[in-house]
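Here the structure comes first, spelled out in structure tokens, and everything after it is commentary.
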């Protein structure tokens with residue numbers, strides 16, 4: 001697929017079919033992930049494909065709880081099935097994601113070695129580009145995924161199960177599967193509104 | 001171009017021709033940048049196209065000094081012109097980058113609103129995917145760029161010049177121009193060496 005077509009249809013996917021996802025297919029995506037830049041081209045990254053029953057169980061329980069707490073705090077309820085509004089569809093997809101999180105075909109966890117003497121933000125500069133390459137490569141192969149961070153609620157236990165060494169951070173955990181729904185054009189605010197020239201207030205729609 | 005061809009030839013480019021780079025072309029890249037995911041799709045990002053003489057002057061001076069300090073610390077000298085080794089080519093490209101940093105056609109600065117109650121690492125998850133989309137889109141259009149962070153040496157002055165509001169972080173600054181050299185296949189360690197299944201030590205070449 002053309003680069004721009006992949007980017008423009010790379011929706012977050014939260015509902016997956018039961019169809020298994022092979023290691024070989026994930027490796028094809030990871031082979032493109034490693035094409036991404038990293039600080040001084042050091043490639044201090046590790047990609048963990050997670051499939052074990054123990055990990056599914058831990059993450060399933062954790063994500064269910066994470067969403068339950070969030071939904072309670074935000075007073076979110078499951079929308080009625082005939083509510084086709086944007087927010088209803090999003091909330092429904094979140095319910096479906098967490099309720100089935102313990103059975104998603106696979107997870108890919110993105111880890112990075114913390115950069116000494118640098119703010120933690122910059123550790124991200126050496127792992128999230130690779131993650132984004134992975135997401136785009138997965139989309140091109142018809143695989144759906146979404147960035148999640150609720151593993152933070154069970155991070156110590158997860159790190160111990162996987163054996164993540166001292167000094168490494170978990171940057172993201174992505175469930176991966178074939179989408180139940182469809183890929184389609186994504187919606188964003190126009191880039192012009194988020195872009196300025198030389199000064200913060202000089203946007204293209206509002207030049208100084 | 002095909003997604004995988006873009007990714008596999010997306011080298012860091014540090015040497016640029018004098019050919020100007022239009023706002024419209026940068027906007028085309030930024031329109032693909034905003035297709036990237038961000039936390040809760042909040043799109044709390046701002047892209048600053050920097051072109052003013054003052055900013056060129058400040059960054060030129062700062063990057064020259066940053067490299068001089070680094071080179072002194074690492075005892076790096078300009079390699080002789082006939083040294084075609086990998087490291088010689090890299091060091092030469094760094095010298096050329098900083099010596100011409102005050103005349104690169106444009107810079108694009110990537111800013112993100114700091115996420116409250118989250119470690120700063122996760123702020124990166126909402127800006128570096130957009131930056132990576134920008135880098136890939138630029139490559140596809142024949143533009144070269146490289147991630148830099150030495151602006152940190154003049155960050156307060158730069159933020160004041162641009163008018164970056166409180167609470168926003170500068171995540172990266174990318175010089176952009178048409179490459180003097182060529183795009184070509186990138187070199188990375190095999191993804192297999194960086195991937196494990198269920199446990200850190202169970203790499204594909206070394207399953208448990």
Evaluate the following for residue A:94: is it within 16 Å of the chain's Cα centre (by Cα), more than 8 Å from chain B (Cβ to nearest Cβ) and surrounded by fewer than 22 Cβ atoms within 10 Å (Cβ to Cβ)? yes
Given (1) at pLDDT below 95; (2) surrounded by 15 or more Cβ atoms within 10 Å (Cβ to Cβ), residue B:191 misses just (1)
3 or more residues touching a strand residue (DSSP E or B) at 6+ places or on another chain (Cβ under 7 Å), more than 7 Å from chain A (Cβ to nearest Cβ) and without any contact (Cβ under 8 Å) to a residue 12 or more places away in the chain: qualifying helices (runs of 4 or more DSSP H) within the range B:100-208: none
Is it the case that residue A:27 is touching a helix residue (DSSP H, G or I) at 6+ places or on another chain (Cβ under 8 Å) and free of Cβ contacts under 8 Å to residues at least 12 places away in the same chain? yes
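The values are calculated or read from the model by the stated rules, or taken from the named source; none is laboratory data. Quantities reported herein were computed from a predicted structural model and do not represent experimental measurements. Ideal geometry is used to build each Cβ from the backbone, glycine not excepted, and the neighbour counts take in all protein chains shown.
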